[in-house]
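First the structure, in the form of structure tokens, and then the observations on it.
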Amino acid sequence: MRHGALFLLLLLAPVKGRAEEPPYQPDRFFRTQILPILERRCFECHSQDHEVEGGLALDSKKGWQTDGEAGPAITPGDLKQSPLIQAIRHHDEDTAMPPKKKLPPIEIALLETWVLLGAPDPR
């Protein structure tokens with residue numbers, strides 16, 4: 001596991017003394033941290049409103065679960081079996097996404113954390 005994702009998981013862990021708000025709300029985490037990354041970095045090429053390149057639409061939960069030329073883009077809880085994670089890490093230039101410039105490390109760590117948490121997606 002990458003250190004960034006581990007650090008984010010620790011930040012989301014329950015902390016004694018916080019009474020008002022649960023420390024981790026899956027829907028809120030998705031809407032405030034993950035959806036903005038997908039909108040900014042992915043939807044131009046991977047949404048029904050623009051283009052759906054590679055058969056992968058990331059603007060719906062069903063899209064990442066079933067679409068894509070290689071099958072599902074994400075395997076919840078498994079970074080190695082999630083093609084989306086492999087693509088954003090830029091290990092293979094043929095499948096690197098986004099193709100021109102790698103995402104900032106914090107965005108990669110957030111997406112990794114999301115997948116490790118089971119890829120909650122309320123859409």
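The values are calculated or read from the model by the stated rules, or taken from the named source; none is laboratory data. Keep in mind that this is a model prediction, so the values were computed, not measured. Cβ coordinates were reconstructed from backbone atoms using ideal geometry, including for glycine residues, and neighbour counts include every protein chain displayed. The accessibility values were calculated without ligands, DNA or RNA, using every heavy atom of the protein model including side chains. Shrake-Rupley method; radii C 1.70, N 1.55, O 1.52, S 1.80 Å.
So here's what we get for this one:
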item: Carbon and sulfur %, accessible surface of region 50-123 computed with the full protein complex present, 1.4 Å; result: 52
item: Charge context of GLU93, other residues only, Cβ under 14 angstrom, K/R +1, D/E -1; result: +2
item: Under-5 Å amide H pairs with THR75, H placed in peptide plane, nonlocal only; result: SER82
item: Hydrodynamic radius by Kirkwood, which averages 1/r over all alpha carbon pairs of region 25-94, in angstrom; result: 12.5
item: Quotient of Cα Rg and 2.2 N^0.38 Å for region 81-123, N being how many residues it contains; result: 1.17
